[in-house]
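A.B. asks: Just dropping this structure here.
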Amino acid sequence: MNKAFVREIDTSSDTRCPVCGSLGTPVLRQTLEAHLLPAGYSIFSDTAVFCDYPPCEVAYFDHLQRTAGISLLRHPVYPKDLNAPICGCFGFGEAEIEQDVAENTNRRVKEMWHKANSAEACCSLNAANGQSCLPMIQRYFLKLRELRGLA
């Protein structure tokens, strides 16, 4: 059969949430089991994708468009719950970043940077997206500094 008439699999959509369309972050089974109740992680095989868009009710999804909503999470996770710590390993959250910006320092953020790069950090288990929290911390820190005219 002529390839012009055969539809190829679109792998670019595999990381887009089927509900909100946002790009997500692929995660491994260990991350799913750490953050989802058994009714949630049993939906998926070995991998899934974390939906990073805060307002979306989907926590994880896969390429077959199966979803596990935030109601199936074991505990609040950032950024789905902005009151949850940004860093699941060390409990570092927005409040610490806001304190640094209010004091015009980066002491707490810098301490967190060192902790997150230590052997004690276990992002694949403690972060809902299985990734280091440092990019999110940096973005929030820089955003607050800019809003306060400190950039």
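A.B. asks: Looking only at residues in the range 104-142 that are of a type in the set (Val, Ile, Thr) and part of a helix (DSSP H, G or I), which one is most open to solvent (accessible area, probe 1.4 Å)? Give the steps one after another, and end with the answer.
C.D. replies: Of all residues in the range 104-142, those of a type in the set (Val, Ile, Thr) come to 105, 109, 137.
Adding the requirement that they be part of a helix (DSSP H, G or I) leaves 109, 137.
Details: Val109: 20, Ile137: 4 Å².
Applying the filter and picking the extreme gives Val109.
A.B. asks: Does Leu150 meet the test of being at pLDDT 95 or above and aliphatic (A, V, I, L, M)?
C.D. replies: Taking the combined requirement at face value, the residue does not satisfy it.
A.B. asks: Then there is this: Can you give me the number of residues within the range 91-103 that are in a loop (DSSP other than H, G, I, E, B) and surrounded by fewer than 18 Cβ atoms within 10 Å (Cβ to Cβ)? Steps first, answer last, please.
C.D. replies: Taking the range 91-103 as the starting set, the residues that turn out to be in a loop (DSSP other than H, G, I, E, B) are 91-93, 103.
Then drop every residue that is not surrounded by fewer than 18 Cβ atoms within 10 Å (Cβ to Cβ), which leaves 91, 103.
Going through the range 91-103 one residue at a time, the tally reaches 2.
A.B. asks: Could I ask something else about it? Would you confirm whether or not the range 49-62 contains a residue that is among the aliphatic types (A, V, I, L, M), on the phi < 0 side of the Ramachandran plot and surrounded by fewer than 18 Cβ atoms within 10 Å (Cβ to Cβ)?
C.D. replies: First, the residues of the range 49-62 that are among the aliphatic types (A, V, I, L, M): 49, 58-59.
After this cut, where a residue has to be on the phi < 0 side of the Ramachandran plot as well, the list is 49, 58-59.
Right, trim to surrounded by fewer than 18 Cβ atoms within 10 Å (Cβ to Cβ) and you get none.
There is no residue in the range 49-62 that is among the aliphatic types (A, V, I, L, M), on the phi < 0 side of the Ramachandran plot and surrounded by fewer than 18 Cβ atoms within 10 Å (Cβ to Cβ).
A.B. asks: Can you find even one residue in the range 5-21 that is in contact with a helix residue (DSSP H, G or I) (Cβ under 6 Å, 6 or more places away or on another chain) and either open to solvent by less than 70 Å² (accessible area, probe 1.4 Å) or modelled with pLDDT of 95 or more (or both)?
C.D. replies: So the first thing to find is which residues in the range 5-21 are in contact with a helix residue (DSSP H, G or I) (Cβ under 6 Å, 6 or more places away or on another chain), and the list is none.
No: the range 5-21 contains no residue that is in contact with a helix residue (DSSP H, G or I) (Cβ under 6 Å, 6 or more places away or on another chain) and either open to solvent by less than 70 Å² (accessible area, probe 1.4 Å) or modelled with pLDDT of 95 or more (or both).
A.B. asks: Might you let me know whether the range 71-81 holds any residue that is within 17 Å of Pro135 (Cβ to Cβ), open to solvent by 50 Å² or more (accessible area, probe 1.4 Å) and touching a helix residue (DSSP H, G or I) at 6+ places or on another chain (Cβ under 8 Å)?
C.D. replies: no
A.B. asks: Write out, first by first residue and then by second, each pair whose Cβ atoms fall under 8 Å of each other, whose residues are 6+ apart or on separate chains, and whose first residue, in the range 95-110, is closer than 14 Å to Cys133 by Cβ while the second is part of a loop (DSSP other than H, G, I, E, B).
C.D. replies: Going by the 8 Å Cβ cut-off, the qualifying pairs are Ile97/Ile86; Arg108/Phe92.
A.B. asks: Among the residues that make up the range 66-83, is at least one of them among the β-branched types (Val, Ile, Thr), more than 13 Å from the chain's Cα centre (by Cα) and modelled with pLDDT of 95 or more? Break it down into steps so the answer makes sense when it comes.
C.D. replies: In the first step, residues of the range 66-83 are kept if they are among the β-branched types (Val, Ile, Thr); the result is 67, 70, 77.
From what is left, the residues that are more than 13 Å from the chain's Cα centre (by Cα) are 67.
Now drop any that are not modelled with pLDDT of 95 or more, which leaves 67.
Checked against the condition, which is being among the β-branched types (Val, Ile, Thr), more than 13 Å from the chain's Cα centre (by Cα) and modelled with pLDDT of 95 or more, the range 66-83 yields at least one hit.
A.B. asks: Does Phe44 meet the test of being in a loop (DSSP other than H, G, I, E, B), more than 15 Å from the chain's Cα centre (by Cα) and surrounded by 14 or more Cβ atoms within 10 Å (Cβ to Cβ)? Walk me through how you get there before you give the answer.
C.D. replies: Numbers: in a loop (DSSP other than H, G, I, E, B): yes; more than 15 Å from the chain's Cα centre (by Cα): yes; surrounded by 14 or more Cβ atoms within 10 Å (Cβ to Cβ): yes.
When the stated conditions are applied, Phe44 passes them.
The values are calculated or read from the model by the stated rules, or taken from the named source; none is laboratory data. These numbers were taken from a predicted model, which means no experiment stands behind them. Every residue, glycine among them, receives a Cβ derived from its backbone with ideal geometry; neighbour counts consider all protein chains shown. The area values use the complete protein model at the heavy-atom level, side chains included, leaving out ligands, DNA and RNA. Shrake-Rupley method; radii C 1.70, N 1.55, O 1.52, S 1.80 Å.
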